[in-house]
Amino acid sequence: MMRPARLAVGVVSAGRVGSVVGAALTRAGHTVVAASGLSNASVRRAEQLLPDVPLLPPDEVARRADLVLLALPDDALAGMVRGFVATGSLRPGQIVVHTSGSHGIDVLAPAAEAGALPLALHPVMTFTGRPEDLDRLAACSFGVTAAEGDEAAWNVGEALTVEMGAEPVRVPDEARALYHAALAHGANHLMALVADCAELLREAGIAQPERLVAPLLSAALDNVLRHGDRALTGPVARGDLGTVRKHLAVLAERGPDIAPSYRALAKRTLARGDAAGLLDASAAAELTELLSDPAEGQQNQ
């Protein structure tokens with residue numbers, strides 16, 4: 001794998017992701033020469049993670065850099081790239097990288113037309129913007145996307161990722177939307193699910209629900225990653241109709257905002273468990289009927 005030359009890096013902007021990835025590139029031997037950041041939080045992060053790096057307007061950051069790192073919200077990327085091209089802030093030979101999960105390299109097309117090398121490097125982790133993220137970054141993967149057939153560009157993206165201590169995973173440009181939907185479904189919805197779990201336990205009078213469920217959730221995550229659908233357990237996977245009916249009833253009364261997601265996830269659990277051969281046909285049919293009845297639960301109050 002080719003090793004990129006030592007690069008002058010410009011970070012646009014010094015948010016949670018940009019400041020950490022900029023610091024990781026610094027640790028790999030590159031030099032962050034400028035960053036942009038307007039909010040007080042961005043300024044504080046830059047002071048902590050990118051010390052002595054000047055904070056400048058985005059166009060000036062781009063002009064100073066060999067590698068322009070765009071750590072921006074998804075909807076802001078296209079406009080920023082067009083603005084750089086319109087102001088002549090990019091030059092041939094630069095590397096322009098964005099960290100978005102949902103975008104491929106199409107959003108960087110104006111930069112490519114200006115002679116820059118477009119790359120998408122998406123770190124597959126959640127960020128706090130604190131120094132400990134640097135250690136976590138070294139244990140994660142990056143979704144790498146470059147132009148189809150441009151092996152040199154793919155190699156640059158992979159080499160940058162390896163230099164930061166992470167693992168590169170090639171994601172074809174046309175697969176980025178599905179790739180990101182899968183990650184968001186797993187990570188973001190898991191956070192909402194766990195928060196709902198803790199809320200219901202507090203409603204039940206449990207004082208420290210996080211301590212109660214942490215071992216359970218850790219084991220469940222480990223089991224499904226190791227064994228897939230064979231790790232499914234609980235009343236739906238067992239075909240325990242009475243328990244599921246009781247759950248629907250108590251949630252209708254004590255957690256009405258959470259009840260619809262319980263029902264939807266129970267249906268998905270049923271579908272996966274049935275496909276894996278964990279339920280007999282009669283139990284699967286009864287559960288399907290129960291979970292498909294919008295009045296179920298309400299009538300048991």
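The values are calculated or read from the model by the stated rules, or taken from the named source; none is laboratory data. The model shown is predicted, which means the values in this text are computed figures rather than measured ones. Cβ placement follows ideal geometry from the backbone for every residue including glycine, while neighbour counts extend to all protein chains displayed. In case anyone asks, the SASA skips ligands and DNA or RNA and just uses the protein heavy atoms, side chains included. Shrake-Rupley method; radii C 1.70, N 1.55, O 1.52, S 1.80 Å.
List of remarks:
- Answer from ILE105, ILE95 - the residue that is under 16 Å from VAL11 (Cα atoms), touching a residue at least 60 places away in the same chain (Cβ under 8 Å) and β-branched (Val, Ile, Thr): ILE95
- Of all residues in the range 84-137 being β-branched (Val, Ile, Thr) and open to solvent by less than 40 Å² (accessible area, probe 1.4 Å), the one that is nearest to the chain's Cα centre (by Cα): THR99
- In the range 34-43, the qualifying residues are those that are surrounded by fewer than 19 Cβ atoms within 10 Å (Cβ to Cβ) and without any contact (Cβ under 8 Å) to a residue 40 or more places away in the chain, and the one that is farthest from ILE95 (Cα to Cα) is ASN40.
- Checked across the range 149-163, the condition of being of a type in the set (A, V, I, L, M, F, W, C), open to solvent by less than 50 Å² (accessible area, probe 1.4 Å) and closer than 21 Å to LEU183 by Cβ holds for at least one residue.
- Candidates are the residues of the range 253-281 that are in contact (Cβ under 8 Å) with a residue 40 or more places away in the chain and more than 32 Å from the chain's Cα centre (by Cα); the one that is nearest to ASP196 (Cα to Cα) is GLU253.
- The requirement of being among the β-branched types (Val, Ile, Thr), touching a Ser or Thr at 6+ places or on another chain (Cβ under 7 Å), modelled with pLDDT of 95 or more and under 13 Å from VAL11 (Cα atoms) is satisfied by VAL61.
- Among the residues of the range 168-212, those that are within 11 Å of the chain's Cα centre (by Cα) and aliphatic (A, V, I, L, M) comprise ALA181, ALA182, LEU183, ALA184, ALA187.
- Checked against the criteria, ALA46 counts as in contact (Cβ under 8 Å) with a residue 12 or more places away in the chain and open to solvent by less than 10 Å² (accessible area, probe 1.4 Å).
- Odd one out for SER261 among (1) in a helix (DSSP H, G or I); (2) touching a helix residue (DSSP H, G or I) at 6+ places or on another chain (Cβ under 6 Å); (3) open to solvent by less than 50 Å² (accessible area, probe 1.4 Å): (2)
- Just one residue in the set GLY239, GLY255 is closer than 19 Å to THR288 by Cβ and either in contact with a His (Cβ under 9 Å, 6 or more places away or on another chain) or of a type outside the set (A, V, I, L, M, F, W, C) (or both); that residue is GLY239.
- Residue, most open to solvent (accessible area, probe 1.4 Å), within the range 208-247, restricted to residues that are among the polar types (S, T, N, Q) and over 18 Å from THR269 (Cβ atoms): GLN208
- Scan of the range 49-65 for residues that are in contact (Cβ under 8 Å) with a residue 40 or more places away in the chain and open to solvent by 100 Å² or more (accessible area, probe 1.4 Å), ordered by number: ARG64
For every residue, the table says whether it meets (1) of a type in the set (Lys, Arg); (2) under 20 Å from GLU174 (Cα atoms); (3) modelled with pLDDT under 95.
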{"residue": "LEU70", "(1), (2), (3)": "no, no, no"}
{"residue": "GLY79", "(1), (2), (3)": "no, no, no"}
{"residue": "ARG91", "(1), (2), (3)": "yes, no, no"}
{"residue": "ILE95", "(1), (2), (3)": "no, no, no"}
{"residue": "GLY101", "(1), (2), (3)": "no, yes, no"}
{"residue": "ILE105", "(1), (2), (3)": "no, yes, no"}
{"residue": "VAL124", "(1), (2), (3)": "no, yes, no"}
{"residue": "LEU134", "(1), (2), (3)": "no, no, yes"}
{"residue": "SER141", "(1), (2), (3)": "no, yes, no"}
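- Counting only helices (runs of 4 or more DSSP H) that sit completely within the range 96-176, those holding 3 or more residues that are farther than 30 Å from GLU47 by Cβ correspond to 109-113, 151-163.
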